[in-house]
Amino acid sequence: MPEQLPTDVRDCTAATKLVYVVLKHNEPATAQEIVDATELTIRTVRNSLTELENRGVVGHTLRYDDLRQKRYRTLNVKLPEK
């Protein structure tokens, strides 16, 4: 699995890696949808999403039907060469 993760995500915590993988397979998703899929706490998911956004591998947009929520998606990043 590590070879499938972008280089920027490899040194993250296990929870952050899990959030990235779940988001990659279920994008776009809200933080609550990621909580439901991972069974992590909302605080852990939000911290992980913030870290992933700071690393430039995840971005967000606002939901137009509910502007209080963000929809997250992975950004196009290169996977490392084998």
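Ala31: net charge of surrounding residues, Cβ under 9 Å, Lys/Arg +1, Asp/Glu -1, itself excluded? Value of the local net charge: +1. Fully extending the segment from Thr13 to Leu75 would add 20.4 nm, taking 0.36 nm per residue of separation and subtracting the current Cα-Cα distance. Report D for segment 1-58 in µm² per second (integer): Stokes-Einstein, Kirkwood Rh on Cα pairs, 20 °C, 1.002 mPa s. Roughly 192 µm²/s, to the nearest whole number.
Surface composition of segment 1-71: carbon plus sulfur atoms hold 49% of the accessible area, using a 1.4 angstrom probe and ignoring ligands, DNA and RNA.
On full extension of the chain, what length is gained from Thr50 through Leu67, given 0.36 nm per residue of separation minus the C-alpha to C-alpha distance? Difference between extended and current length: 4.3 nm. Ranking Val35, Tyr20, Leu67 by how far each Cα lies toward the positive end of the dipole of the chain (charges on Cβ) leaves Leu67 at the top.
The values are calculated or read from the model by the stated rules, or taken from the named source; none is laboratory data. These numbers come from a predicted model, not from an experiment. Cβ coordinates were reconstructed from backbone atoms using ideal geometry, including for glycine residues, and neighbour counts include every protein chain displayed. Please note that ligands, DNA and RNA were not included when accessible areas were found on the heavy atoms of the full protein model with its side chains. Shrake-Rupley method; radii C 1.70, N 1.55, O 1.52, S 1.80 Å.
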